[in-house]
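Structure, as C-alpha cells:
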Amino acid sequence: MNEKKINIAQPSFLGNEKKYVLDALESGWISSIGKYIESFEKAFADYHGVKYAIATHNGTIALHLALAAAGIKNGDEVIVPDLTFIATSNSVRYCNAIPVLVDVEQDDWNISPDEMIKNVTTKTRAVIPVHLYGNPVRLKEITEIAHTRKLIVIEDCAEALGAKYSGMKTGTFGDIGCFSFFGNKIITTGEGGMCITNNDELAERMRILRDHGMNRTKKYWYDHLGFNYRMTNMQAAVGLAQMEQLNDLLARRDHIYQTYQNCFSNSPGIVLQSTHGQRSVNWIFTIRMKGLTLTQRDAVMDAMKKRQIDTRPVFYPIHEMPFYQHSDFIRGTYPNSSVISREGISLPTYIGLQDEEIHYIADSLLASIQQCTL
Ligand SMILES: Cc1ncc(COP(=O)(O)O)c(C=O)c1O
C-alpha cells in the first residue's frame, strides 16, 4: 500500500516563476499592465509562429472572447463536440448562440468530420474542434469542411499546448486558437488563458473586447460592449517562466505516457486514444476500460481511492447535462461519446510523478478492474 496520496495533477515551478513574480510585485505593476504580459504574449506567439497572442484571465473566457470577436451572436449555430469540458459549449451560450452537439470518433475521441457535415445548416457560423486530452483533432478534414462552407474555426487547445498536426502546432490551423493555463494544464498561471491568431482584425477586436470595449486611442470611450477579460502581470510572470521550460515539461509528459503505455501493453481490455501518428501531448493519461458499466467504472475509481490514488472520470457527454436537454442542441445520437465517457478514466499525470508510482498506479488499476468485474 502506498503511504502517500497520489494526486491526479500537480503544478511544478522549477524555473524562474518565483523570481519573476517577486519582480512583478516589487515593480508595483500587479494588475493588467506590466512587462510580463507583453513578454508572455510574445513568447507564446513566437512559439506558435503566429502574429498575435492575447492573454486572458482563464481559458473559458478566451473561448468567449474569440467567439465574440468573430461576431457570433443570437441565433447563430456553432458546432461543438459532445465529449468535452463544459466550457466549450457554455462559451457559445454566453453569446446567446446555439451550440450544436455532434458525436466524436470512436478511435481518437475527437469531433467526427462526418457528424460535423451532417449538422451544418444555413445558420451554422462556426465550429470549435477540441483537442481532447491533448490529442489533435483531424484538422485537415475539419478545416476543409469549414472553408467550403465559410465557417469560422476556433480551436479549443485548452489541453493541447505543444501538440502538432501534420507538423504544425495545434491552434494555428483555425482562425483563432484558445488555450487554458489552469493549475492542471501543460503550463499554468494559476488561472489563465490565451487566444492566438494571424488575423489582424480579429486580434484588434479581441484586444478591444478584452478591455471593456474601450477605444484604443480615446481613454474611457467605449464603442462596443466589452468585458474585463485581462490577465494580470503576476499571472503572466508565472506564464513566462513556464514557457521557458515548455520543451522539458512536454518531454517529461511523453515519458509518463510511455511508462503507462508499457505497463498496459499486455492488457487488451485497456484502450488508449488513437493519435493517428500525430504529435499528442499527454495532458492527462486517459484510457477506456473496455466493457465496463458505469457502476463498475465508478467502483474502480473508489477502489483506486482506497489505494490512495486520485482518478477522474472522463467528461460526461454534454447532451446529458440538464441545461442542455433541448432539441436546439441535441440533433443526433451520441453512441461514441456515451461509451467513451462510461468506460473512461484519467490517471495521475504530472511532472513530479515517479516511475515506481506509475507502476503502482497501473498495477492497482488492473487489480481494481479485476476486483470490480468479478
Ligand atoms: C477542453 C477545455 N476547454 C476549455 C477549458 C476552460 O479553461 P479554464 O479552466 O482555464 O477556464 C478547459 C479547462 O479545463 C478545457 O479542458
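All of the numbers you see were taken from the coordinates with simple rules; none came from a lab. Please read these numbers as outputs of a predicted model, since none were measured by experiment. Every residue, glycine as well, gets a Cβ built from its backbone with ideal geometry; the counts of neighbours run over all protein chains shown.
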Within the range 143-164, is even one residue in a loop (DSSP other than H, G, I, E, B), over 21 Å from Thr232 (Cα atoms), more than 9 Å from the ligand (Cβ to nearest atom) and in contact with a Phe, Trp or Tyr (Cβ under 8 Å, 6 or more places away or on another chain)?
no
Within the range 348-374, restricting to residues that are touching a strand residue (DSSP E or B) at 6+ places or on another chain (Cβ under 8 Å) and under 25 Å from Thr188 (Cα atoms), the one that is surrounded by the most Cβ atoms within 10 Å (Cβ to Cβ) is Ile361
Restricting the search to the range 108-142, which residues are in a strand (DSSP E or B) and within 14 Å of the ligand (Cβ to nearest atom)?
Ile111, Val130
Counted residues in the range 272-290 being in contact with a strand residue (DSSP E or B) (Cβ under 6 Å, 6 or more places away or on another chain), assigned to a loop (DSSP other than H, G, I, E, B) and more than 15 Å from Ile358 (Cβ to Cβ) come to 2
Heads up, the helices (runs of 4 or more DSSP H) in the range 186-271 (entirely inside) with at least 1 residues that are among the basic types (Lys, Arg) and buried (at least 19 other Cβ atoms within 10 Å of the Cβ) are 200-210, 246-263
Residues being under 21 Å from the mean Cα position of the chain (by Cα) and in a helix (DSSP H, G or I) - total across the range 331-355
8
Among the numbered criteria (1) near the ligand (Cβ under 9 Å from one of its atoms); (2) under 16 Å from Phe323 (Cβ atoms), which single criterion is violated by His57?
(2)
Of the residues in the range 172-185 that are buried (at least 24 other Cβ atoms within 10 Å of the Cβ) and farther than 10 Å from Leu139 by Cβ, the one that is farthest from the ligand (Cβ to nearest atom) is Ile176
What number of residues within the range 132-143 satisfy the criterion of being touching a strand residue (DSSP E or B) at 6+ places or on another chain (Cβ under 7 Å) and without any contact (Cβ under 8 Å) to a residue 60 or more places away in the chain?
4
Quick check on my filter: what residues within the range 75-95 are of a type in the set (Gly, Ala, Ser) and either crowded, with 24+ Cβ neighbours inside 10 Å or outside any loop (DSSP other than H, G, I, E, B) (or both)?
Ala87, Ser89, Ser91
Report the residue count in the range 16-43 for those that are touching a helix residue (DSSP H, G or I) at 6+ places or on another chain (Cβ under 6 Å) and not in a loop (DSSP other than H, G, I, E, B).
9
Tally, over the range 1-42, of residues that are closer than 20 Å to Thr197 by Cα and out of contact with any Gly (no Cβ under 8 Å at 6 or more places or on another chain):
5
Test for Ser327: is it within 30 Å of Gly75 (Cα to Cα), free of Cβ contacts under 8 Å to residues at least 40 places away in the same chain and in a helix (DSSP H, G or I):
no
